[in-house]
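What follows is a set of notes on a single structure, which appears directly below.
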Amino acid sequence: MAARAALWNDPRLRAALFQAAVIAGVVALGAYLVHNTLVNMARQGIATGFSYLDREASFEIGESLIRYTPADSYGRALVVGLLNTLLVAALGVVLSTVLGTVIGIARLSRNWLVRKLALVYVETLRNLPLLLQLIIWWDVLRVSAPPPRQAWEPLPGVFLSVRGIVFPVPVYSPVYRDMGIAFVAALLAGWAVVWWGRRHRARTGRAVPTATMAVALALGAPLLAFLAGGAPLAWDWPTLRAFNFAGGLSLSPEFAALLFGLTAYTAAFIAEIVRSGIEGVSRGQTEAASALGLKRGQTLRLIVLPQALRIIVPPMLSEYLALTKNSSLAIAIGYPELMSITNTTLNQTGQAVEAIALMMAIYLAISLVISLAMNLYNRRIAFVER
Amino acid sequence: MNGDERKAMIELHHVHKWYGAFHALNDVSLEVARGEKVVVCGPSGSGKSTMIRCINRLEEHQQGQIIVDGIELTADLKQIDAIRREVGMVFQQFNLFPHLTVMENLTLAPIWVRKMKRSEAEELAMHFLERVRIPEQAGKYPGQLSGGQQQRVAIARALCMRPQVMLFDEPTSALDPEMIKEVLDVMVGLAEDGMTMICVTHEMGFARTVADLMVFMDGGEIVERAPPEKFFAAPESERAQLFLSRILSH
Amino acid sequence: MPPRAFGWMRANLFSSVGNTVTTLVALYVIARVAWGVVDWGIVHAVWTAPGGRACEAASHGEGACWAFLREWYRFILFGRYPYFEQWRPLFVVLLFVALLLGSCDRRLWGMRIALLWGAGLAVNLWLMLGGVFGLTYVPTELWSGLPLTLILAIVGLALAFPLAIVLALGRRSRMPAVRGLCVAYIELVRGVPLITVLFMASVMLPLFLPEGTTIDKLVRAQAGFVLFYAAYLAEVVRGGLQAIPAGQEEAADALGLGYWRKTRLVILPQALKIAIPPLVNIFIAGFKDTTLVTIIGLFDLISTASNAITDPNWRGFYVEAYGFIALLYFVFCFFMSRYSQALERSLARDRR
């Protein structure tokens, strides 16, 4: 007859007890910390709770996407900071992807000089701390840049000075809205054309240059709308007034430094991701495609790129997340994003715990969204295997 | 008629290839007639794979002439494309496209290179899938198949382009022993149907069954060429004797 | 020109019209930049000067002021550490570098290297802090520059490592409570920027402790580092654990080893070996991230350099100062990354 295991040796019981002990320990530690915190905060006369978010902020914010005055609440200030973070992150993601892809492909160029120059770029930027790079960009833009009167003009209308970078922008006209509508319509029509072309080829074997047609549509329709509306092209040209430029779109040195610094740094990492993605597709794939008679362009489009993208996209999304988190370094150069504004808030209200917890929650939410996107992508495109 | 006079399907005349300082192919000359089956054997590093990869321009030869079905192989892209349409290749590592189903693997080239209609291409693909005896796998992905099945799909994929010549680069070397037979059976069937074949392989049983000509290579040169009966029974060169004694000992 | 070189140039630089144009443009750009650097750094540079104004005058604003670095290099490297005791942080730096170089040799891996590191860290701690055995006490507020950076990085990762192993093992545990806690910790920490964790440590840690106790600012920053990097290291260790074939654990179970023995003797040694190259990469990232402590008021290399630039007597030598510390960071990080790549190759060879 089999003997019953001694109670003490029953693995399930032991596991349950162990877990209970762990949870009890964590809860006890948590309670201890919370208790100390409350005592300390009471002693220092710091309030608790999130009601401070409704109080008047009474500090200035240099750049904001929405209207903000010092009379607005801390809550609104936080929103301003969040929007600034998202703005820098969105622009940074787009620019660094473009730059990174170019450099990544340059790393695989036939030209030895181009390969080595790309390598120098990647190795230099990856081996220097990001904060140092941001500070260098900021100093270059702030200190070495000329005063507005002697601003540098690399392109007509674009001025670089100590006050930042200023671009000419077209004055808004209703025709632009029509152009936008035309563009969207053209995109939809173009997509329909491409879809039809694919079906046509499947049915008859003859290819129609639908891609070119779609591109022509996307470019031509807005152009037609533009011309039909009378071709309004009034520019808001930056002009020098007293100590600064007026008109046009201006970027502060802080914003420019943050954007360029983050872009250049992240592009170096993206370059490596793109390079290893393309190299990661085994040579046998290109050989098999060539042996079947596929031309270089077809091989790239049908065989290499689909497989390379599978390797590239997950680490790319991680880089985007890293870029968003790295934008918090803006606190060191004075751009008012989420971290900076949280810092000012907690300095003024003294409610460090709430402010920091709120900020961390927001960053965490952004991270989770990107992780979710990554998981969805991975699940959809994974190679089907046994 | 032109076709009868030009007997050779593939001609190599004094072909040389270097990798840097390494002389990979040394004065290689070979003629393969239409319908002939040539088996190339030799120790590793002897240039066997290099030679057949030169035939469809996966490698470039630096000296000598390679002529396939009357078309000379040069740097001219048009001629290379024309040759690749007529020459099918089966790789040691299968090289199936993992992101496409078996059916899509087979129909890809007929649709994009021979501009076939999709329905025609799929009919063709099913025909060859039945030929290699796995028609039920058409909707699966390569990752879901065994090694032997994958290689048979690779053979079908090459056949879908209706090549005049089939090149095999050690097709069974990456397979588990119990799957080698199913692939060799397909290759024997192809041979019996009259396909011109050049096969690099260590499978001597297959060679004895199928080959019209045995070519032994070593150190980048063709050391010996003879019909299989003569080659296996009485190899002339010492190197061939050494090779055969090693490979046939187990 | 030897024919081989000529052929190489033909293939790699001038193979087509487009290629040739690119090569010429690139050569032109490189030449301009190189000339500019040489002109600024050597031709017009000033090597000795009594003060910043004089230095600028001597170089006509066109050249580097190396006199600035000769005057300030000790401050940039060692910061506010008492001038006559600076041999101590120098020794600390040298000892760390020696230990790092020694750890590269795989033959030393194992218990011996761990003990060496333990002894080294203790010695360095004593050297920096002093107060016993004949060295004068130097409070942590005065620790700055390169030794501070090295201490933050090395001690940070040394302490994060055991925590990371616990987290990684916990994440693979079959007990849901343990696994849940570990996953929550790792995902939370990896979802926020390091600066927020440092802020949390710097601002909130004093609130967490009972009334009256104070923690050193350096210790707070170090704690933030440890908590942050433990999560990243845990993911790397988890990768190593996952890479071990399942048969290893089964064989250990079949032999009757308990959980802890099995983990210690069979699983962890193999997992850690696989995990070492990505581990080195995290160390490099950690080394670069030590710069963030400048934001919470610790005096690392960026702070010392910034301070040197704002000295009234020697104002505005940004390029020299930042160039100097950039060089330091680059040398460390570049050689560590080269080592990590070489290590990865040699470990991959072993496994085949």
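Values quoted throughout were computed directly from the atomic coordinates according to the rules given, and no laboratory measurement underlies them. Note that this is a predicted model, so its numbers are computed, not measured. Quick reminder, even Gly has a Cβ in these numbers, built from the backbone with ideal geometry, and neighbours come from all protein chains shown.
At a glance:
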{"quantity": "Cα-centre dipole for the stretch C:149-298 with unit charges at Cβ (Lys and Arg positive, Asp and Glu negative), debye to 20", "calculated": "220 debye"}
{"quantity": "Which of C:42, C:268, C:20, positive extreme of dipole for chain C (C-beta unit charges)", "calculated": "C:268"}
{"quantity": "Magnitude of the charge dipole, the protein assembly as shown, Cβ model with Lys/Arg +1 and Asp/Glu -1, debye to 20", "calculated": "880 debye"}
{"quantity": "Rounded to the nearest 20 debye, dipole of the stretch A:244-386 from Cβ charges on Lys, Arg, Asp, Glu", "calculated": "760 debye"}
{"quantity": "Max mean-square fluctuation residue, GNM over chain C, Cα-Cα springs under 10 Å, options C:169, C:207, C:27", "calculated": "C:27"}
{"quantity": "Restricting the stretch A:299-386 to GluC sites (Glu not before Pro) in coil, as DSSP defines it, with at most 15 other Cβ within 10 Å", "calculated": "A:385"}
{"quantity": "Positive dipole terminus of the stretch B:74-216, leading residue within B:210, B:134, B:177 (C-beta point charges)", "calculated": "B:134"}
{"quantity": "Straight-distance crosslink candidates among lysines, where the alpha carbon sits under 20 Å from residue B:115 and sequence neighbours closer than 8 are dropped", "calculated": "A:295, B:78"}
{"quantity": "Three-way shape call for the stretch C:215-264 based on the alpha-carbon gyration tensor, with the a/c threshold at 1.5", "calculated": "oblate"}
{"quantity": "Inter-site label distance for residue C:54 and residue A:185 at 7 Å from Cα along Cβ, in nm", "calculated": "7.6 nm"}
{"quantity": "Segment residue C:174-residue C:25, extension gain: residue separation times 0.36 nm, minus the distance between their alpha carbons", "calculated": "47.5 nm"}
{"quantity": "Packing-based ranking, highest mean first, of A:307-313, B:191-197, C:117-123 given that Cβ atoms within 10 Å are counted", "calculated": "A:307-313, B:191-197, C:117-123"}
{"quantity": "Using a Förster distance of 22 Å, the FRET efficiency for residue A:373-residue A:91 (Cβ separation, nearest 0.05)", "calculated": "0.75"}
{"quantity": "Shielding by partners - mean other protein chain Cβ count within 10 Å, residues of B:30-40", "calculated": "0"}
{"quantity": "Folded to 0 to 90 degrees: helix C:3-12 orientation relative to chain C principal axis, Cα", "calculated": "70 degrees"}
{"quantity": "Per-residue Cβ neighbour rank within 10 angstrom, fewest leading, A:290, B:173", "calculated": "B:173, A:290"}
{"quantity": "Cα shape, the stretch A:1-135, gyration tensor, a/c 1.5 rule", "calculated": "oblate"}
{"quantity": "Fewest-first sequence of C:260, C:8, C:126 by Cβ atoms within 10 Å of each Cβ", "calculated": "C:260, C:8, C:126"}
{"quantity": "The protein assembly as shown - Cys residues lacking any other Cys C-beta under 4.7 Å", "calculated": "B:41, B:54, B:160, B:199, C:104, C:182, C:333"}
{"quantity": "Shielding by partners - mean other protein chain Cβ count within 10 Å, residues of B:96-109", "calculated": "4"}
{"quantity": "Mean Kyte hydropathy of -1.0 or more with a Cα span along the axis of at least 18 Å, helices from DSSP in chain A", "calculated": "A:11-43, A:74-106, A:112-126, A:174-204, A:210-228, A:253-280, A:305-326, A:352-381"}
{"quantity": "Pairwise FRET efficiency - residue C:136 versus residue A:35, Cβ, R0 = 35 Å, nearest 0.05", "calculated": "0.30"}
{"quantity": "0 to 90° range, to nearest 10: angle between helix B:77-86 axis and chain B longest Cα axis", "calculated": "80 degrees"}
{"quantity": "Helix C:111-129 axis, angle to chain C major axis (alpha carbon atoms, nearest 10°)", "calculated": "50 degrees"}
{"quantity": "Loop-located trypsin sites (Lys or Arg not before Pro) in the stretch B:76-115, at most 14 other Cβ atoms within 10 Å (DSSP)", "calculated": "B:115"}
{"quantity": "Top of A:184, A:274, A:114 by mean-square fluctuation, Gaussian network on chain A, Cα under 10 Å", "calculated": "A:184"}
{"quantity": "Charge dipole of the stretch A:150-225 about the Cα centre (unit charges at C-beta), most positive-ward option of A:171, A:158, A:219", "calculated": "A:219"}
{"quantity": "Cα-based shape type of chain C, given that a ≥ b ≥ c are square roots of the gyration tensor eigenvalues and the cut on a/c is 1.5", "calculated": "oblate"}
{"quantity": "Environment charge at residue C:62 (Cβ cut-off 11 Å; Lys +1, Arg +1, Asp -1, Glu -1)", "calculated": "-2"}
{"quantity": "Shielding by partners - mean other protein chain Cβ count within 10 Å, residues of C:100-107", "calculated": "0"}
{"quantity": "Burial ordering of C:333, C:104, B:54, fewest other beta-carbon atoms within 10 Å first", "calculated": "C:104, C:333, B:54"}
